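Undergrad: One structure, pasted below without further comment.
The values are calculated or read from the model by the stated rules, or taken from the named source; none is laboratory data. Keep in mind that this is a model prediction, so the values were computed, not measured. Here the Cβ is made from the backbone with ideal geometry for all residues, glycine too, and neighbour counts use every protein chain on show.
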Amino acid sequence: MRTMKELLEAHPFFAGLDDEAIELVVGCATNVHFDPDEYLFRLGDPADRFYVVRHGRVALELHVPGSGQQVVDTVEEDQVLGWSWLVPPHRWFLDARAVMPTSAISLDGVCLRGKCDEDPALGYAFMQRVAHVMYERLQSARVRLLDLYGGGRDAAR
Amino acid sequence: MATEAVLDLAGLQALVDALRERGYTVLGPVVRDGAVVPAPVSSVDELPRGWGDEQDGAFYRLRRRDDDALFGFASGAQSWKPVLFPARQLLWQGRRTGDGFTVEEPTDAGSRFGSPPYALLGVRSCDLHAIGIHDRVLLGRAGVDAHYAAARQDVFVVAVACSDPSGTCFCVSMRTGPRPESGFDLCLTEISTAADGHRLVAEAGSDRGAEILAALPAEHAAAAVEADRAAAAQVTEVATGRMGRQLDTEGLRDVLYAGVESPRWDDVASRCLACTNCTLVCPTCFCTSVDDETDLTGDVASRRRSWDSCFTGDFSHLHGGSVRASVRSRYRQWATHKLASWYDQFGTSGCVGCGRCITWCPAAIDITEEAAAVRADPGPPSASAEGA
Amino acid sequence: MTLRGDTTSSVRGVADVAPDPMLPRPFRVQDVRHDTDDTVTLWLDPLDGEPLGFAAGQFTMLQAFGVGEVPISISGDPGDPRYLQHTIRDVGGVTAALVRARVGDVLGVRGPYGVGWGVRDAAGADVVVVAGGIGLAPLRPALLELLGNREQFRRAVLVYGARSPADLLFPAELEAWADRPDLDVAVTVDHAPSGYRGRVGLVTEPLARAGLDPGRTLALVCGPEVMMRHVAEDLVRLGVPPAWVRLSLERNMRCGVGLCGHCQLRELFICVDGPVLGLDRAAPLITVREL
């Protein structure tokens, strides 16, 4: 049975953070588990949590009138979910639903923001990591926007 | 067997007759519609006696010479490409049956030039090299062009050493002339055009060339003497010194590969109309397209091959767009292929220095000038500047 | 059933001089499967009884009588060429006619042509197959060759991306492959209707976590060219040598035998020097716009 600190240290998102910083984060962390089809959060909810996924898969969904609920991204093992806790207006703009048994570490956003405000070095370290996640998600979304598999007249070259 | 002889006009006529007797369709240069083009000939009188030409960028005129030279012009409007590699060729016809379809090959390889075997009279060195290049491209690789093979079969080549290069000739730069070195059955050099002594030195380049020379009547095919050979050499020396253009081929492949983003391509794109004239008259261009047609019943299908050009908008069509959409990219493709990629593909340059692309370009674009300009300004290196 | 017409005229016919690579062989459609709303798989039976042997990655020039020909990769098992299998997507023109073929129709086939994947080069090494969209079809033969000779290779990974779950090719086979302990399968779609339990994102995302030994990996990549370039860059960044990243390139083809000139990519004829090319040869060319 691993401690919260060990779980955090094992996750790629926290790689490179020193011992002291991890200890600070542990104070805001809890283990959570979701069953398939259980929602982690819904569009419009206050965004005050940050999830570090350990096992399983979470689908991020948007409702499209005419097409229904669409999955636009999935987050799984070794990935993280949520940056709205860091970026105003601190509201989720997607639904998040587990599509398989999912275990994650839930980090309290308000608690984390408080610690980052007190310790700018920690804050900067978080910003760097979150920026990287956003960069990767943006690239993924941009390339998918090209609809390369579409073919025919609309396909990008 | 004679390896050389000096022919008079009657001797040349006897040569044409001998070829026809042996079953060849003799094709030679004739004047038609203000240009010199290949056509079936049976008489020396049909040749362009007394005609010369003036050529420059976007300029071609025939002019009257002050002598009776038979071959006193440079390159005709077309090479021998339309003869051996017709612009439109039926590949096969298919007929729907209860079981599927049959495939019938054409039985007659004849065209508007008559049926093979052909005897080509008056092949210039540049065009002779072009035929050799086509042999390599169309016969020498995994996929053999069966129709070219059939037309090419047994072709009898009577080459001619040029005496009057034109303003767009640059065979010397390409080392493809002006004197044919090999690949011919006979090679003629016109050394005298006097009314009472029209003389051509005929040199055999093959056994059958020597055989036919030996069969000509001795009174019209005399033995060659030293003075005749000297006169023939003189014709070539003069022609060599009168090239209209020149092209520096030193490292040209690497120059063009490295110059893939040269600003010169934008410059030529502002002038090039993508009219495809250059590819039509170029003796080495070989790109073709294939189309299938059916008759009204849908039961008989014909597949035809026709000349195509990398200058057309849909030549590189792929999934709703073209890889080479801009004229800039298409001119770059043609010039780079002709002067550079060809080396990697076939071991030689694709250009034989005939100058036709310069003469027949309505915008007077000069491939020698463009190549020199890219050499002078290769532009920025691309993401990966080195050649393959 | 006659394949040739009467060529006994007194004038020498083409056939006497050289065999014509432009003559098609008739194949009868044995079976049709509708894979997605624009893609079908055809099984073709040679009328002359001679199975068409091929190497994984090769293609044929497939002809709809009276309409025309297109190059289509062979999507069958090279170890079992009894029926010629082709997976065709409707992108208009000739392909529109081919996807409407019915059992009993006769199509023309020329080939097989081209340089294949060369799966056996990876003996003793890891193999990763990265497919995007219809790109899984030309890679299927490589995968089958790999699985049919599984003990010759170390790790085997399939990474496959498609637009949506409805666009996934060979879904039953994908499931069977995913169940195999000797093959890692990571499928990603661009988007999906809610309820889909699989991965949604970019096809390359699973690559970094595939656990490959980059110094001993052969990567086979096929999909839209932009996708192949990105995948190739990611693989090189992971440490796979460029010569061991193989792409299948596509260009306009009219003959398939290097004569019509259409498929040229600078000095390469994609039909003869490709379509499979190592990134070391392809990268300098595919990165130049409009080459």
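Undergrad: So, in region C:230-253, how many residues would count as being within 11 Å of chain B (Cβ to nearest Cβ), touching a residue at least 24 places away in the same chain (Cβ under 8 Å) and either of a type in the set (S, T, N, Q) or within 15 Å of residue C:21 (Cβ to Cβ) (or both)?
TA: So the answer is 1.
Undergrad: So, in region A:58-69, exactly how many residues are at pLDDT 95 or above and within 7 Å of chain C (Cβ to nearest Cβ)?
TA: Residues in region A:58-69 being at pLDDT 95 or above and within 7 Å of chain C (Cβ to nearest Cβ): 2 in total.
Undergrad: I would also like to ask the following. Search region B:205-218 for residues that are within 9 Å of residue B:5 (Cβ to Cβ) and pair each with any residue that is in a helix (DSSP H, G or I) and not hydrophobic (A, V, I, L, M, F, W, C) when their beta-carbon atoms are under 9 Å apart and the residues are at least 6 apart or on different chains.
TA: Hits for this filter: B:216/B:11.
Undergrad: Sticking with this one: So if I check each of B:210, B:224, which one is closer than 21 Å to residue B:16 by Cβ and not in a helix (DSSP H, G or I)? It would help to see each step written out before you state the result.
TA: Details: B:210 fails: not in a helix (DSSP H, G or I).
Matching residue, one of B:210, B:224: B:224.
Undergrad: Do you know which of the residues in region B:110-154 that are under 27 Å from residue B:92 (Cβ atoms) and of a type in the set (Ser, Thr, Tyr) is farthest from the chain's Cα centre (by Cα)?
TA: B:115
Undergrad: Also, quick follow-up: Looking only at residues that are surrounded by fewer than 17 Cβ atoms within 10 Å (Cβ to Cβ) and on the phi > 0 side of the Ramachandran plot in region C:195-229, which one is nearest to the other protein chains (Cβ to nearest Cβ)?
TA: So the residue we want is C:195.
Undergrad: Being surrounded by fewer than 20 Cβ atoms within 10 Å (Cβ to Cβ) and in contact (Cβ under 8 Å) with a residue 60 or more places away in the chain is the filter here, so list the residues in region B:92-110 that pass it.
TA: Hits for region B:92-110 are B:93, B:95, B:96.
Undergrad: If residue A:103 meets every condition in (1) surrounded by fewer than 18 Cβ atoms within 10 Å (Cβ to Cβ); (2) under 14 Å from the mean Cα position of the chain (by Cα); (3) modelled with pLDDT under 95 apart from one, which number is that one?
TA: Of (1) surrounded by fewer than 18 Cβ atoms within 10 Å (Cβ to Cβ); (2) under 14 Å from the mean Cα position of the chain (by Cα); (3) modelled with pLDDT under 95, only one is false for residue A:103: (3).
Undergrad: A follow-up question, please. Just to be sure I understand, how many residues within region B:315-328 are within 8 Å of chain C (Cβ to nearest Cβ) and either free of Cβ contacts under 8 Å to residues at least 12 places away in the same chain or crowded, with 21+ Cβ neighbours inside 10 Å (or both)?
TA: Number satisfying all stated conditions: 8.
Undergrad: Sticking with this structure for a sec: Out of C:16, C:20, report the one residue that is modelled with pLDDT under 95, at the interface with chain B (Cβ under 7 Å from one of its Cβ atoms) and either crowded, with 19+ Cβ neighbours inside 10 Å or closer than 24 Å to residue B:288 by Cα (or both).
TA: Going through C:16, C:20 in turn, just one is modelled with pLDDT under 95, at the interface with chain B (Cβ under 7 Å from one of its Cβ atoms) and either crowded, with 19+ Cβ neighbours inside 10 Å or closer than 24 Å to residue B:288 by Cα (or both): C:20.
Undergrad: Right, here's the next one. Would you pick out the residues in region A:86-103 that are of a type outside the set (A, V, I, L, M, F, W, C) and free of Cβ contacts under 8 Å to residues at least 40 places away in the same chain?
TA: Residues satisfying the conditions are A:88, A:89.
Undergrad: (1) free of Cβ contacts under 8 Å to residues at least 12 places away in the same chain; (2) not in a helix (DSSP H, G or I): which one isn't true of residue C:96, the others all being true?
TA: Of (1) free of Cβ contacts under 8 Å to residues at least 12 places away in the same chain; (2) not in a helix (DSSP H, G or I), only one is false for residue C:96: (2).
Undergrad: Go through region A:20-85 and tell me which strands (runs of 3 or more DSSP E), entirely inside it, have 2 or more residues that are in contact (Cβ under 8 Å) with a residue 60 or more places away in the chain, under 10 Å from the mean Cα position of the chain (by Cα) and closer than 23 Å to residue A:135 by Cα.
TA: A:49-55
Undergrad: Continuing with the same structure: Within region B:258-273, how many residues turn out to be within 14 Å of chain C (Cβ to nearest Cβ), surrounded by fewer than 18 Cβ atoms within 10 Å (Cβ to Cβ) and either touching a strand residue (DSSP E or B) at 6+ places or on another chain (Cβ under 7 Å) or hydrophobic (A, V, I, L, M, F, W, C) (or both)?
TA: 1
Undergrad: Specify the residue that is farthest from the other protein chains (Cβ to nearest Cβ); the eligible residues are those in region C:271-281 that are aliphatic (A, V, I, L, M) and either out of contact with any strand residue (DSSP E or B) (no Cβ under 8 Å at 6 or more places or on another chain) or surrounded by 24 or more Cβ atoms within 10 Å (Cβ to Cβ) (or both).
TA: Step one: filter region C:271-281 for residues aliphatic (A, V, I, L, M), giving C:272, C:276-277, C:279.
Now narrow it down to the ones that are either out of contact with any strand residue (DSSP E or B) (no Cβ under 8 Å at 6 or more places or on another chain) or surrounded by 24 or more Cβ atoms within 10 Å (Cβ to Cβ) (or both): C:276, C:279.
Numbers: C:276: 16, C:279: 11 Å.
By that ranking, first place goes to C:276.
Undergrad: Given the condition more than 21 Å from residue A:52 (Cβ to Cβ), part of a helix (DSSP H, G or I) and more than 14 Å from chain C (Cβ to nearest Cβ), answer yes or no: does some residue in region A:124-140 qualify?
TA: Checking region A:124-140: not a single residue is more than 21 Å from residue A:52 (Cβ to Cβ), part of a helix (DSSP H, G or I) and more than 14 Å from chain C (Cβ to nearest Cβ).
Undergrad: Looking at (1) modelled with pLDDT of 95 or more; (2) surrounded by 17 or more Cβ atoms within 10 Å (Cβ to Cβ); (3) over 17 Å from the mean Cα position of the chain (by Cα); (4) away from chain B (no Cβ under 11 Å), which is the one condition that is false for residue C:264?
TA: For residue C:264, the failing item is (4).
Undergrad: Next question, about the same structure. Residues that are at pLDDT below 95 and within 29 Å of residue A:95 (Cβ to Cβ): find the strands (runs of 3 or more DSSP E) completely inside region C:103-218 holding 3 or more of those.
TA: Working: elements: C:106-113, C:126-132, C:156-162, C:184-189.
Counting at least 3 such residues, we get no strands (runs of 3 or more DSSP E) at all.
Undergrad: Given the structure, is residue C:52 within 28 Å of residue B:148 (Cα to Cα), modelled with pLDDT of 95 or more, in contact with a strand residue (DSSP E or B) (Cβ under 6 Å, 6 or more places away or on another chain) and more than 14 Å from chain B (Cβ to nearest Cβ)?
TA: yes
Undergrad: Just for region C:19-49: of the residues that are without any contact (Cβ under 8 Å) to a residue 12 or more places away in the chain and in a loop (DSSP other than H, G, I, E, B), which one is farthest from residue C:256 (Cα to Cα)?
TA: C:49
Undergrad: Residue by residue through region C:177-194, note down the ones that are surrounded by fewer than 18 Cβ atoms within 10 Å (Cβ to Cβ) and either closer than 30 Å to residue A:68 by Cα or in contact with a strand residue (DSSP E or B) (Cβ under 6 Å, 6 or more places away or on another chain) (or both). Full working, then the answer.
TA: Applying the first criterion (surrounded by fewer than 18 Cβ atoms within 10 Å (Cβ to Cβ)) to region C:177-194 yields C:178-182, C:193-194.
Hits for region C:177-194 are C:178, C:193, C:194.
Undergrad: Run down B:289, B:306 and say which single residue is closer than 30 Å to residue C:61 by Cα, polar (S, T, N, Q) and without any contact (Cβ under 8 Å) to a residue 24 or more places away in the chain.
TA: From the options B:289, B:306, the qualifying one is B:289.
Undergrad: Among the residues of region B:286-314, what is the count of those that are assigned to a loop (DSSP other than H, G, I, E, B), within 22 Å of the chain's Cα centre (by Cα) and either more than 8 Å from chain C (Cβ to nearest Cβ) or within 18 Å of residue B:368 (Cα to Cα) (or both)? Spell out the reasoning first.
TA: Our first condition is that a residue be assigned to a loop (DSSP other than H, G, I, E, B); within region B:286-314, this holds for B:286-287, B:295-299, B:308-314.
Filter once more, keeping what is within 22 Å of the chain's Cα centre (by Cα): B:286-287, B:308-312.
Restricting the remaining residues to those that are either more than 8 Å from chain C (Cβ to nearest Cβ) or within 18 Å of residue B:368 (Cα to Cα) (or both) gives B:309, B:311-312.
The total comes to 3.
Undergrad: While we're here: Please state which one of B:341, B:382 is under 18 Å from residue B:279 (Cβ atoms), among the hydroxyl-bearing types (Ser, Thr, Tyr) and either within 14 Å of another protein chain (Cβ to nearest Cβ) or touching a helix residue (DSSP H, G or I) at 6+ places or on another chain (Cβ under 9 Å) (or both).
TA: On inspection, the qualifying residue turns out to be B:341.
Undergrad: Mind listing whichever residues of region C:71-100 are surrounded by fewer than 22 Cβ atoms within 10 Å (Cβ to Cβ) and of a type in the set (A, V, I, L, M, F, W, C)?
TA: Within region C:71-100, C:91, C:94, C:96, C:97, C:99 qualify.
Undergrad: Residues that are closer than 30 Å to residue B:296 by Cα and within 14 Å of chain C (Cβ to nearest Cβ), at least 3 per element: which strands (runs of 3 or more DSSP E) completely within region B:69-181 meet that? So that I can check it myself, show each step before the final result.
TA: Values: elements: B:88-97, B:100-104, B:118-123, B:156-160.
Fully inside region B:69-181 and qualifying: B:88-97, B:100-104.
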